[in-house]
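Colleague: I'd like to ask you about the structure that follows.
The values are calculated or read from the model by the stated rules, or taken from the named source; none is laboratory data. Note that this is a predicted model, so its numbers are computed, not measured. Note that each Cβ is placed from the backbone with ideal geometry, even for glycine, and that neighbours are counted across all protein chains shown. Heavy atoms of the whole protein, side chains included, go into the accessibility calculation; ligands, DNA and RNA do not. Shrake-Rupley method; radii C 1.70, N 1.55, O 1.52, S 1.80 Å.
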Amino acid sequence: MNIFNDFTARIKKIVQAIAAGYPERAVELDRILVELPRDASHGDLTCNAAMVLAKPLGLKPRDLAMSIAVALGSDPDVDQAEVAGPGFVNLRLKPSYWQLALRGLIGEGADFGRLNLGGGEKVNVEYVSANPTGPMHVGHARGAVFGDVLANLLIAAGYEVTREYYINDAGSQVDQLARSAFLRYREALGEDIGTIPEGLYPGEYLQPVGQKLASEHGTSLLAIPEAEWLPLVREVTVAAMMAMIRDDLKTLHIVHDVFFSERSLAAAGAVEAAINTLRQKGLIYEGRLPPPKGQLPEDWEDREQTLFRATEFGDDVDRPLRKSDGSYTYFASDIAYHLEKFRRGFRTMINVLGADHGGYTKRMKAAVQAISDGQATLDVRLCQLVRLFRGGEPVKMSKRSGDFVTLREVVDEVGADPIRFMMVFRKNDAPLDFDFQKVTEQSKDNPVFYVQYAHARTCSVFRQAASEMPRLDAGGDALAGAALRRLDDSGEMALVRRLCEYPRIIEAAALSHEPHRVAFYLYEVASEFHGHWNRGKELPQLRFINQADPDLTLARLALVHATKLVLSSGLAILGVSAPEEMR
């Protein structure tokens, strides 16, 4: 049962009845929103209907709000309807309605909060897409978790999601990677390679690649020029790095549906084809760009070049598509890649990138709009940096990688659950501090423990009930038929209200592409549950189990069961386990 949809429908009927008196005036009922009031003291729900419809109806907002409030006042489920501020309508609902909503929640079971918001629309979520030049580092973890949780969230909201990884296996970086692996190949053959030259990759993770090359090719690669061994070594090295990356991601329970190769675009002539598509639309020209403001970058060239008319789609400047050596820019390859996504049927594309890609956003949104004739949208979500600490002290770099802390090292130390939860317990565009010590302590200050412990407590309540009241039937049918009218304590009602917010949280988080909303909400549910548990320690009459009153016990167990359903559902979206016991 979605209380927001329920009361939106009721208010729309009231507004339709009022609007019938003004047949010459059109109103847009889709603009009506029923939300939680910012201040809980203002009631259970608030509605903007009068604010958005007064002008089309030619009425004053407060007058229209008063008419709506009067009509709602006669609703059998409404305890009080008040007009507030410039024309908001605030509602207080009767306990019987919340009890009915709780029964609906229990009836829906694991499906509670699942929506058909997306209607099966195909969405492409591209995330991680780290260069295949080494193991995943902890900086990748935030985008990896954000993208994976966003995919889970969109699926829960009714979208058909493809999780995609774009392999940057073309360009100078992978050539340097191959040269670095070739050094390790020579090392595997017994040569003293000395210090790794600047510009190459020094990490020890390339040693197994060198050993593989030595085992398969012996000394034969030493006898041929670089132009011949480079493609071979590059292919072997990229394959090894991608296998390592897949394994690293699996430690966080992340598995992509599609791994798309950048090199495959060039091999298929897709970049040239994409540029020709834009050329046919009149969006490609030969021209010169004005110099950037401020100090000129070292690679700035004042020359005529092939440009995309990005400014026609909201970008700051037109964008070059060819380098001075005639090869295509990375941006040209990205255009071809997103055109390929569009041709696969994706009208909604989401790219999750690091904060250093901020300049990429406008140009790629412009490109997607151009190649799709405005039929597709691109949302770029930037994830800020992660800073590692241990007990407040910065964590030193890793020996294995050479210059960063690997993802696997962090997972091995604290586990996947704390990483996944904490990476979305802050909005993606804000920096995040990750403290090894804090994320493993058992306290309210550790959000993942606090939420998981709430779930474990719900399970412990049922174990305790089975022990103390073995004859009490607390199965699904019994809980569904429990006398929920017995739930009349303010703490119980507060928890019921919080649980009933869940569908709206899923909806808002999915529409805004903000998974942190789910993590925040779960912490609030845990706080309500732990708080009510603690009240029961002080006031025995509020305890979940009352051996002298089986009906009340069953009603309270129904509330505990509903809490368990919401916590387990939300944790599943985050990809975090919902333990039944915590020691």
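Colleague: For residues in region 286-327 being farther than 24 Å from Gly171 by Cα and among the basic types (Lys, Arg), which is least open to solvent (accessible area, probe 1.4 Å)?
Modeller: Arg309
Colleague: Just checking, does region 526-538 include any residue being open to solvent by 30 Å² or more (accessible area, probe 1.4 Å), basic (Lys, Arg), in contact with a helix residue (DSSP H, G or I) (Cβ under 6 Å, 6 or more places away or on another chain) and closer than 26 Å to Gly107 by Cβ?
Modeller: Scanning region 526-538, I find no residue that is open to solvent by 30 Å² or more (accessible area, probe 1.4 Å), basic (Lys, Arg), in contact with a helix residue (DSSP H, G or I) (Cβ under 6 Å, 6 or more places away or on another chain) and closer than 26 Å to Gly107 by Cβ, so the answer is no.
Colleague: All but one of (1) surrounded by 20 or more Cβ atoms within 10 Å (Cβ to Cβ); (2) within 16 Å of Arg504 (Cα to Cα); (3) not β-branched (Val, Ile, Thr) hold for Gly43, so report the exception by its number.
Modeller: Against the list (1) surrounded by 20 or more Cβ atoms within 10 Å (Cβ to Cβ); (2) within 16 Å of Arg504 (Cα to Cα); (3) not β-branched (Val, Ile, Thr), Gly43 comes up short only on (2).
Colleague: Go through region 1-28 and give me each residue that's assigned to a helix (DSSP H, G or I), surrounded by fewer than 16 Cβ atoms within 10 Å (Cβ to Cβ) and hydrophobic (A, V, I, L, M, F, W, C).
Modeller: Ala9, Ala17, listed by residue number.
Colleague: Taking Pro135 and the conditions (1) of a type outside the set (A, V, I, L, M); (2) in contact with a strand residue (DSSP E or B) (Cβ under 8 Å, 6 or more places away or on another chain); (3) modelled with pLDDT under 95; (4) open to solvent by 20 Å² or more (accessible area, probe 1.4 Å), which numbered condition does it fall short on, given that it satisfies the others?
Modeller: It fails just one condition, (4).
Colleague: Residues being assigned to a loop (DSSP other than H, G, I, E, B) and under 13 Å from Ala519 (Cβ atoms): count how many of those fall in region 409-429.
Modeller: Adding up the residues that qualify gives 5.
Conditions tested, residue by residue: (1) at pLDDT below 95; (2) in a strand (DSSP E or B); (3) among the charged types (D, E, K, R); (4) loosely packed, with under 15 Cβ neighbours inside 10 Å.
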{"site": "Tyr166", "(1), (2), (3), (4)": "no, yes, no, no"}
{"site": "Gln173", "(1), (2), (3), (4)": "yes, no, no, yes"}
{"site": "Ala178", "(1), (2), (3), (4)": "no, no, no, no"}
{"site": "Glu187", "(1), (2), (3), (4)": "no, no, yes, no"}
{"site": "Ile196", "(1), (2), (3), (4)": "yes, no, no, no"}
{"site": "Tyr201", "(1), (2), (3), (4)": "yes, no, no, no"}
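Colleague: Looking at region 150-159, can you tell me whether even one residue there is over 19 Å from Leu407 (Cβ atoms), surrounded by 21 or more Cβ atoms within 10 Å (Cβ to Cβ) and in contact with a strand residue (DSSP E or B) (Cβ under 6 Å, 6 or more places away or on another chain)?
Modeller: Yes - at least one qualifying residue is present in region 150-159.
Colleague: Consider Leu183 against the criteria (1) surrounded by 17 or more Cβ atoms within 10 Å (Cβ to Cβ); (2) within 34 Å of the chain's Cα centre (by Cα); (3) under 16 Å from Leu230 (Cα atoms): it satisfies all of them except one. Which criterion is unmet?
Modeller: (2)
Colleague: Still on this model: What helices (runs of 4 or more DSSP H) completely inside region 434-550 contain at least 2 residues that are farther than 30 Å from Leu150 by Cβ, at pLDDT below 95 and in contact with a Leu (Cβ under 6 Å, 6 or more places away or on another chain)?
Modeller: Correct list: 516-538.
Colleague: For region 269-285, which positions are of a type outside the set (A, V, I, L, M, F, W, C) and either surrounded by fewer than 11 Cβ atoms within 10 Å (Cβ to Cβ) or closer than 15 Å to Arg363 by Cβ (or both)?
Modeller: Passing the criteria: Gln280, Gly282.
Colleague: Determine which single condition Ala69 fails, assuming it passes every other condition in (1) surrounded by 14 or more Cβ atoms within 10 Å (Cβ to Cβ); (2) within 37 Å of the chain's Cα centre (by Cα).
Modeller: Checking Ala69 against (1) surrounded by 14 or more Cβ atoms within 10 Å (Cβ to Cβ); (2) within 37 Å of the chain's Cα centre (by Cα), the one that fails is (2).
Colleague: Given the criteria assigned to a strand (DSSP E or B) and open to solvent by 30 Å² or more (accessible area, probe 1.4 Å), does Leu382 qualify?
Modeller: Yes.
Colleague: For region 455-484: of the residues being closer than 23 Å to Ala526 by Cα and among the basic types (Lys, Arg), which is surrounded by the fewest Cβ atoms within 10 Å (Cβ to Cβ)?
Modeller: Going through the qualifying residues, I end up with Arg463.
Colleague: Return the pair list, or none, for Cβ contacts closer than 7 Å from residues in region 364-379 that are part of a loop (DSSP other than H, G, I, E, B) to residues that are open to solvent by 10 Å² or more (accessible area, probe 1.4 Å) and modelled with pLDDT of 95 or more, at least 6 apart or on different chains.
Modeller: Qualifying pairs under 7 Å: Ser372/Phe342; Gln375/Arg347; Ala376/Phe342; Ala376/Arg347.
Colleague: List pairs: first in region 435-454 and within 12 Å of Leu571 (Cα to Cα) and in contact (Cβ under 8 Å) with a residue 12 or more places away in the chain, second surrounded by 18 or more Cβ atoms within 10 Å (Cβ to Cβ) and among the charged types (D, E, K, R), Cβ under 7 Å, 6+ apart or cross-chain?
Modeller: Taking only residues 6 or more apart or on different chains, the pairs are Val448/Asp417.
Colleague: Further question on the same structure: Out of all the residues in region 222-258, which are open to solvent by less than 80 Å² (accessible area, probe 1.4 Å), assigned to a loop (DSSP other than H, G, I, E, B) and within 30 Å of Ala572 (Cα to Cα)?
Modeller: Thr251, Leu252, Ile254, His256
Colleague: Can you confirm whether Asp356 is surrounded by fewer than 17 Cβ atoms within 10 Å (Cβ to Cβ) and assigned to a helix (DSSP H, G or I)?
Modeller: Taking the combined requirement at face value, the residue satisfies it.
Colleague: How about region 413-434: which of its residues are free of Cβ contacts under 8 Å to residues at least 40 places away in the same chain and either open to solvent by 80 Å² or more (accessible area, probe 1.4 Å) or among the β-branched types (Val, Ile, Thr) (or both)?
Modeller: Glu413, Val414, listed by residue number.
Colleague: Could you list all residues from region 29-54 that are of a type in the set (D, E, K, R) and in a helix (DSSP H, G or I)?
Modeller: Asp30, Arg31
Colleague: So Leu206 passes all but one of these: (1) assigned to a helix (DSSP H, G or I); (2) within 18 Å of the chain's Cα centre (by Cα); (3) surrounded by 24 or more Cβ atoms within 10 Å (Cβ to Cβ). Which condition number does it fail?
Modeller: Leu206 satisfies every listed condition except (2).
Colleague: On to the next question. For residues in region 328-347 being under 12 Å from Leu265 (Cβ atoms) and hydroxyl-bearing (Ser, Thr, Tyr), which is most open to solvent (accessible area, probe 1.4 Å)?
Modeller: Tyr330
Colleague: Shifting gears a bit: Give just the number: which of (1) under 30 Å from Leu559 (Cα atoms); (2) surrounded by 20 or more Cβ atoms within 10 Å (Cβ to Cβ) does Asp77 not satisfy?
Modeller: For Asp77, the exception is condition (2).
Colleague: Continuing with the same structure: Asn116 versus (1) out of contact with any Leu (no Cβ under 8 Å at 6 or more places or on another chain); (2) within 19 Å of Leu206 (Cα to Cα): which is the lone unmet condition?
Modeller: (2)
Colleague: For Gln211, which of the numbered conditions (1) under 17 Å from Gly134 (Cβ atoms); (2) open to solvent by 90 Å² or more (accessible area, probe 1.4 Å); (3) modelled with pLDDT under 95; (4) out of contact with any Gly (no Cβ under 8 Å at 6 or more places or on another chain) fails to hold?
Modeller: (3)
Colleague: Among Pro76, Pro86, which is the only one that is part of a loop (DSSP other than H, G, I, E, B), over 30 Å from Glu262 (Cα atoms) and modelled with pLDDT of 95 or more?
Modeller: Selected residue: Pro76, the only one of Pro76, Pro86 that is part of a loop (DSSP other than H, G, I, E, B), over 30 Å from Glu262 (Cα atoms) and modelled with pLDDT of 95 or more.
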